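Participant: This is the structure I have questions about; it appears just below.
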Amino acid sequence: MAAARPKLLYLVTEDWYFWSHRLPMARAARDAGFEVAVATRVDRHGALIEGEGFRLLPLPWHRRSLNPLEALSSIARLVALYRREAPDLVHHVAVKPVLFGGLAAWLAGVPAVVNALAGLGTMFIGTGGLKARLAGLVARPALGAVLRRRNSLTLLQNEDDRRTLAGQGLIDQGRTWIIRGSGIETDHYAVLPEPPAPPVAIGCAARLLANKGIDRLVEAVALLRAKGLDVRLIVAGRPDPANPTSFPQDTLDGWAARPEVELAGHLSDVRELWRRCHVAALPTLGGEGLPKSLLEAAASGRAIVATDVPGCREVARNGENAILVPPGDVAALAAALETLVRDPELRRRYGTASRRIVESDMASDKVGARTVALYRAALKGAAGAASPAREAS
């Protein structure tokens with residue numbers, strides 16, 4: 001009789017995030033013989049997820065809720081789910097699933113856990129307001145307890161985050177893996193020729209959040225226009241009302257009224273953005289893991305301007321394929337953009353280097369293979385780790 005396939009369960013807050021950021025990993029696991037299930041809040045991507053052969057387990061939770069009673073209810077619901085599904089391995093994605101899912105996995109006796117933090121977010125960079133900072137003070141000790149469990153491996157996307165978490169005593173470095181990014185389909189994202197110029201178009205693909213620095217980018221492009229440069233800014237993305245740093249509609253309306261700014265909204269195929277743009281920009285204030293938008297731009301052969309923060313530095317390398325600037329510095333951002341606007345040959349060299357960087361360990365096949373190795377290591381380690389039932393005996 002054939003051996004049963006190991007059961008892998010992903011816990012993700014939103015179906016769109018799983019579809020956008022974890023699909024290559026899940027496909028690699030499926031193709032390697034894992035039975036894959038996805039527990040998430042279902043909005044628009046449920047049918048797509050099921051179409052991949054993954055079992056969909058809908059969850060009625062809210063990503064940004066800080067209500068303690070709702071948190072307890074969510075954890076109890078996850079305990080029941082884990083006991084019913086009996087996964088061999090759970091993969092928690094982002095802080096809330098790591099915290100809630102980690103506690104539930106302990107209570108339910110899940111054998112092996114992968115806790116993935118794709119960036120450290122507002123809890124560590126302090127841009128989410130007073131409530132978010134207070135929540136972070138409460139959450140960090142619990143986060144450390146979950147990440148340091150013996151049957152748990154921590155998955156990060158850059159070395160900076162590993163140093164930060166280790167420095168705060170939240171992780172065991174020996175049980176930490178680095179996989180840079182979520183995997184980019186390099187066949188799908190082919191190198192695109194630059195569009196005609198002028199104008200020189202600067203593209204940014206991001207949710208419309210203050211954390212992403214979109215307001216600084218609008219200011220920087222206005223400075224270039226004031227110098228007489230024929231430039232245009234195209235922003236692909238939409239607000240995220242569940243996020244406390246989402247820009248209000250009146251701010252977005254003001255930007256859209258500017259002749260040099262186009263708010264393109266959500267694009268089902270982001271290649272349309274890079275087909276129209278000469279330069280990719282992401283002036284984030286921090287908290288990134290490894291920005292997927294920069295991976296997509298780099299795969300499309302675009303030069304990059306980004307802030308010198310963890311995550312961005314992994315794919316945007318100063319003087320190689322990008323110009324890095326201090327976060328929040330509008331003048332430096334404008335100067336970096338101006339350099340690339342005025343120098344098409346530099347854009348070409350940087351674009352070629354961008355593609356080369358992505359084709360290294362960031363391509364989806366390499367990320368998938370590394371992820372499967374992580375899962376197998378977690379299962380192998382779980383075989384010798386004590387379960388909660390054994391620990392209690």
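The values are calculated or read from the model by the stated rules, or taken from the named source; none is laboratory data. Quick caveat, the model's predicted, so the values are computed rather than measured. Here the Cβ is made from the backbone with ideal geometry for all residues, glycine too, and neighbour counts use every protein chain on show. In case anyone asks, the SASA skips ligands and DNA or RNA and just uses the protein heavy atoms, side chains included. Shrake-Rupley method; radii C 1.70, N 1.55, O 1.52, S 1.80 Å.
Participant: Under the rule of -39500 (n - 2.57) per DSSP H run of 4 or more residues, summed and divided by the residues of the chain, what mean residue ellipticity at 222 nm is obtained, to the nearest 500 deg cm²/dmol?
Facilitator: The helix contribution divided over the chain gives -13500 deg cm²/dmol.
Participant: Leaving out ligands, DNA and RNA, and with a 1.4 Å probe, what % of the accessible surface on the chain is carbon or sulfur?
Facilitator: 54 percent
Participant: So, one more: With unit charges on the beta carbon (Lys/Arg positive, Asp/Glu negative), name the residue among G33, G265, S152 whose Cα is farthest towards the positive pole of the charge dipole of the chain.
Facilitator: It is S152.
Participant: Still on this structure: Working with all protein chains in place, sort H278, H21 by solvent-accessible area computed with a 1.4 Å probe, largest first.
Facilitator: The residues order as H21, H278, largest area first.
Participant: Quick one: ranking F100, F54 by accessible area, 1.4 Å probe, largest first, what do you get?
Facilitator: In descending accessible area the options line up as F100, F54.
Participant: Another question, if that's okay. How large is the accessible surface of K366 in square angstrom, using a 1.4 angstrom probe and rounding to the nearest 10?
Facilitator: Surface open to solvent at K366 totals about 100 Å².
Participant: Continuing with the same structure: Give me the Å³ per residue figure for the convex hull around the C-alpha atoms of the chain.
Facilitator: 139 Å³
Participant: How would E185, E50 line up by accessible area, probe 1.4 Å, largest first?
Facilitator: Listed by decreasing accessible area, they come as E50, E185.
Participant: What is the percent of Cα-Cα separations in segment 279-393 that go past 19 Å?
Facilitator: Counting pairs separated by more than 19 Å, the tail of P(r) holds 54 percent.
Participant: So, one more: Keeping all protein chains in position, work out how much accessible area D88 exposes to a 1.4 Å probe, and write it in Å² to the nearest 10.
Facilitator: 60 Å²
Participant: Would you mind calculating the gained length between D230 and H62 on full extension (0.36 nm times residue separation, minus the Cα-Cα distance), in nm to one decimal?
Facilitator: Fully extending the segment from D230 to H62 adds 56.2 nm.
Participant: OK, next. Mind running the shape call on segment 316-371? Use the C-alpha gyration tensor, a ≥ b ≥ c as the square roots of the eigenvalues: rounded below 1.5 for a/c, prolate if a/b tops b/c, oblate otherwise.
Facilitator: Cα axes put segment 316-371 in the oblate bin.
Participant: Give the accessible area for E35 in Å² (nearest 10); use a 1.4 Å probe, count only protein heavy atoms, and leave out ligands, DNA and RNA.
Facilitator: Rounded to the nearest 10, that gives 60 Å².
Participant: If you roll a 1.4 Å probe over the heavy atoms of the protein chains, what accessible area per residue do you get for the chain, in Å²?
Facilitator: For the chain, the solvent-accessible area averages 42 Å² per residue.
Participant: Which of the helices in the chain, when you take each full DSSP H run, stretch at least 15 Å along the axis at their Cα atoms and have an average Kyte-Doolittle score of 0.5 or higher?
Facilitator: The qualifying helices are 95-108, 129-147, 214-226, 330-342.
Participant: Turning to a different aspect of this structure: Enumerate lysine pairs in the chain that are 8 or more residues apart or on different chains, then count those whose Cα atoms are under 17 Å apart.
Facilitator: 4
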